[in-house]
């Protein structure tokens, strides 16, 4: 990408999009296009058509999506399927109509079958049933991958797909009902400490294992792949290391300094037993993460405290 290239980041206010924007600015790219959802509703095809016709971006990072944790995914199943399909269909198709040089579609590790072998290799896509609680979101993301490949095959579009593992970091969502596990744990342990609660209750048994990647590491990988990867299919982005929810909770508890107990509510769903990414393809392309989990949680907690001070935590 030339430093003067016009780059559109869809979803620039989210954790992923904002990290990509920081990375591009750091690398000297200053022709970055952004729109808030109130200015441009990506679910509205006509609005997307008019935006692309006016701005004519050279490159697109498609990081906009409706996202959430187990509760949100399982509660708003129709919304997660419909809205994500609308967003990606509009942006991918209209990018083709306006001769975008390259587009990166960002998906999620939840696209893989619930009981797929571990670690999750890119070839395991569509080899078994999905995790029920987030199936609508996963179906939408799988459709996005296949859409990018179809436009590459039929029209010669240079569209690539990357599948990040579980993310956390600056500008994360700490909403009590709609956040993912790590930011949810940060908020709950912080509030338990502040309120001097004797115990924190966590959904599930604590045995499922999850992999976590700091969002700025993801942005670095996306920047790298945008310049060094031009193939169909998908690329996993992660650390290749995982941790049990129980051990994660203990780590967050220690970093925050909460001294009470932890109760795991086994009557609540665990979700997928394990989701460890096979990142050998990414490593072979020449990229590896640099921010380890303990360091990343400390950075995320500092960001959470800053949000509290500025009254921007939902």
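The values are calculated or read from the model by the stated rules, or taken from the named source; none is laboratory data. Please read all numbers here as calculations on a predicted model, not as lab measurements. Note that each Cβ is placed from the backbone with ideal geometry, even for glycine, and that neighbours are counted across all protein chains shown.
Which residue out of 285, 268, 253 is surrounded by 15 or more Cβ atoms within 10 Å (Cβ to Cβ) and more than 23 Å from residue 169 (Cα to Cα)?
Values: 268 fails: surrounded by 15 or more Cβ atoms within 10 Å (Cβ to Cβ); 253 fails: more than 23 Å from residue 169 (Cα to Cα).
Step by step, each of 285, 268, 253 is checked, and only 285 is surrounded by 15 or more Cβ atoms within 10 Å (Cβ to Cβ) and more than 23 Å from residue 169 (Cα to Cα).
Given the options 42, 126, 115, 103, name the one that is at pLDDT below 95 and outside any helix (DSSP H, G or I). Break it down into steps so the answer makes sense when it comes.
Numbers: 42 fails: at pLDDT below 95; 126 fails: at pLDDT below 95; 103 fails: at pLDDT below 95.
Just a single option satisfies the conditions, and that option is 115.
Among the criteria (1) surrounded by fewer than 19 Cβ atoms within 10 Å (Cβ to Cβ); (2) under 21 Å from the mean Cα position of the chain (by Cα); (3) not in a helix (DSSP H, G or I), the one residue 22 does not fulfil is (3).
Please enumerate the residues belonging to segment 58-73 that are in a helix (DSSP H, G or I) and either buried (at least 19 other Cβ atoms within 10 Å of the Cβ) or touching a strand residue (DSSP E or B) at 6+ places or on another chain (Cβ under 8 Å) (or both). Spell out how you get there, then give the answer.
Taking segment 58-73 as the starting set, the residues that turn out to be in a helix (DSSP H, G or I) are 70-73.
Residues satisfying the conditions are 70, 72, 73.
Does residue 205 satisfy being in contact with a strand residue (DSSP E or B) (Cβ under 6 Å, 6 or more places away or on another chain), surrounded by fewer than 18 Cβ atoms within 10 Å (Cβ to Cβ) and assigned to a strand (DSSP E or B)? So residue 205 fails the test.
State whether one or more residues within segment 136-148 are in contact (Cβ under 8 Å) with a residue 24 or more places away in the chain, closer than 26 Å to residue 9 by Cβ and part of a loop (DSSP other than H, G, I, E, B). Taking every residue of segment 136-148 in turn, none turns out to be in contact (Cβ under 8 Å) with a residue 24 or more places away in the chain, closer than 26 Å to residue 9 by Cβ and part of a loop (DSSP other than H, G, I, E, B). No other residue among 192, 215 is farther than 17 Å from residue 256 by Cβ, touching a strand residue (DSSP E or B) at 6+ places or on another chain (Cβ under 8 Å) and surrounded by 18 or more Cβ atoms within 10 Å (Cβ to Cβ) apart from 215.
Condition check ((1) in contact (Cβ under 8 Å) with a residue 60 or more places away in the chain; (2) in contact with a helix residue (DSSP H, G or I) (Cβ under 6 Å, 6 or more places away or on another chain); (3) outside any strand (DSSP E or B); (4) closer than 18 Å to residue 276 by Cα) across all residues:
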site	(1), (2), (3), (4)
177	yes, yes, yes, no
182	yes, no, yes, yes
188	no, no, yes, no
201	yes, no, no, no
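Can you tell me which residue is surrounded by the most Cβ atoms within 10 Å (Cβ to Cβ) among those in segment 163-181 that are modelled with pLDDT of 95 or more and over 10 Å from the mean Cα position of the chain (by Cα)? My answer is 169.
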